[in-house]
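Have a look at the structure below, then the notes.
The values are calculated or read from the model by the stated rules, or taken from the named source; none is laboratory data. The shown structure was predicted, so the numbers you read here are calculated from the model rather than taken from an experiment. Because the Cβ atoms are built from the backbone with ideal geometry, glycine has one as well, and the counts that use them run over all protein chains shown.
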Amino acid sequence: MGIDNSDGNNWVLVTGAASGIGCDLAQSLVEKGERVIALDRDEGKLNKVYNDSSASLVCRCLDVCDVDVAAKTVEMIREEIGMIKGLVNCAGIYPVTAFLDIAVEEWDQVLNTNLRGSFIMAQSVARLMVADKIPGSIVNVTSTSATFCRPGVAHYGPSKAGLTQLTRDMALELAPYGIRVNAVAPGVIGTETVLDAAKVQGAAEHAAKLTSIPTGRIGEVHEITALIEFLLSSQASYCTGSVLLADGGLTLGIPRYQAA
């Protein structure tokens, strides 16, 4: 499933591309014939995952929290590599800390990475799309934590709630330029971060998550990638401001309970 814009030489930017959903997405898009700029603040991990840049994939080290560097990097990509037709904001952090123990510094780090960073990237890319008259597509990776509470994420949840609303506001304002903005809200997905956290927090905590999911399993990374690719593609040409849930029914209510 390609993005299907008229100029196949244009590029898709993916943040957080060194691991998890961002990594799987970048590789999947390239396999489908797209040109991808893989962005991540961990240069060593980027180089390890992708080895070298190619005609279809270019790696750039970027901290989305740094507004000056982010804006300049996006402009450099436009000037030196090519026009941008898509952006996927996958970069994010997910510390689990009890509300009473969250330091202001940790709060700022989460909000800056998950919300502010997505805003900076989206604004920088959208400005170029408008200037280049490209009917582009922007996809934000938010979370069920935007509306579904659980202990330890009193900073992560608000960051994703803000990103969800930012998605809708951007969609409204950018629609006249032909730019679509949508989001995917994953539930519990088997990324490296989630699986590593399960080892640290123990089997009991992981089992508690599974009992809360009506489908009885965590999601696969490729299942989220497929939704993002759909929203980038022309098959979603009438979708803007949408937030697609992919949570196995986690947010539906009380699972596995039979009324008497």
Q.
So the check is Cβ under 7 Å with 6+ separation or different chains; which pairs have a first residue in region 38-49 that's closer than 12 Å to CYS23 by Cα and a second one that's surrounded by fewer than 22 Cβ atoms within 10 Å (Cβ to Cβ) and of a type in the set (Ser, Thr, Tyr)?
A. ALA38/TYR50; LYS45/SER19
Q | Inter-residue pairs, beta-carbon under 8 Å, first hydrophobic (A, V, I, L, M, F, W, C) and in region 195-222, second modelled with pLDDT under 80 and not in a helix (DSSP H, G or I), 6+ apart | A | ILE213/PRO255
Q. Only one residue in ALA122, ALA91 is closer than 18 Å to LEU232 by Cα, in a loop (DSSP other than H, G, I, E, B) and under 17 Å from the mean Cα position of the chain (by Cα). Which one?
A. ALA91
Q) Considering region 94-115 alone, what residues qualify as being assigned to a helix (DSSP H, G or I) and either of a type outside the set (A, V, I, L, M) or at positive phi (or both)? A) PHE99, ASP101, GLU105, GLU106, TRP107, ASP108, GLN109, ASN112, THR113, ASN114
Q. Checking ALA18 against (1) in a helix (DSSP H, G or I); (2) without any contact (Cβ under 8 Å) to a residue 40 or more places away in the chain; (3) buried (at least 21 other Cβ atoms within 10 Å of the Cβ), which test does it fail?
A. (1)
Q. What residue, among those in region 184-204 that are of a type in the set (A, V, I, L, M, F, W, C) and at pLDDT 95 or above, is farthest from THR240 (Cα to Cα)?
A. ALA185
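This table checks each residue for (1) in contact with a Ser or Thr (Cβ under 8 Å, 6 or more places away or on another chain); (2) within 24 Å of ILE120 (Cα to Cα); (3) buried (at least 16 other Cβ atoms within 10 Å of the Cβ); (4) at pLDDT below 95.
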site	(1), (2), (3), (4)
GLY152	yes, no, yes, yes
ASP169	no, yes, no, no
ASN182	yes, yes, yes, no
GLN235	no, no, no, no
ALA259	no, no, no, yes
Q) Checking VAL139 against (1) touching a Leu at 6+ places or on another chain (Cβ under 6 Å); (2) under 30 Å from LYS48 (Cα atoms); (3) part of a helix (DSSP H, G or I), which test does it fail? A) (3)
Q: Might you let me know whether region 40-59 holds any residue that is outside any loop (DSSP other than H, G, I, E, B) and closer than 18 Å to SER137 by Cβ?
A: no
Q: Filter region 140-189 for residues that are within 19 Å of LEU250 (Cβ to Cβ) and among the aromatic types (Phe, Trp, Tyr) and give the result.
A: PHE148, TYR156
Q) Looking only at region 43-88, which residues are basic (Lys, Arg) and over 19 Å from the mean Cα position of the chain (by Cα)? A) LYS48, LYS72, ARG78
Q | Of the criteria (1) surrounded by fewer than 21 Cβ atoms within 10 Å (Cβ to Cβ); (2) of a type outside the set (D, E, K, R); (3) at pLDDT 95 or above, which one VAL49 fails | A | (3)
Q: Have a look at ARG60, ARG116 and point out the one that is surrounded by fewer than 21 Cβ atoms within 10 Å (Cβ to Cβ) and over 16 Å from GLY157 (Cα atoms).
A: ARG60
Q: Give the residue that is surrounded by the fewest Cβ atoms within 10 Å (Cβ to Cβ), with candidates limited to residues of region 63-90 that are of a type in the set (Lys, Arg) and without any contact (Cβ under 8 Å) to a residue 60 or more places away in the chain.
A: LYS72
Q. Of a type in the set (Ser, Thr, Tyr), under 30 Å from GLU34 (Cβ atoms) and either out of contact with any Gly (no Cβ under 8 Å at 6 or more places or on another chain) or modelled with pLDDT under 95 (or both): does that describe THR225?
A. yes
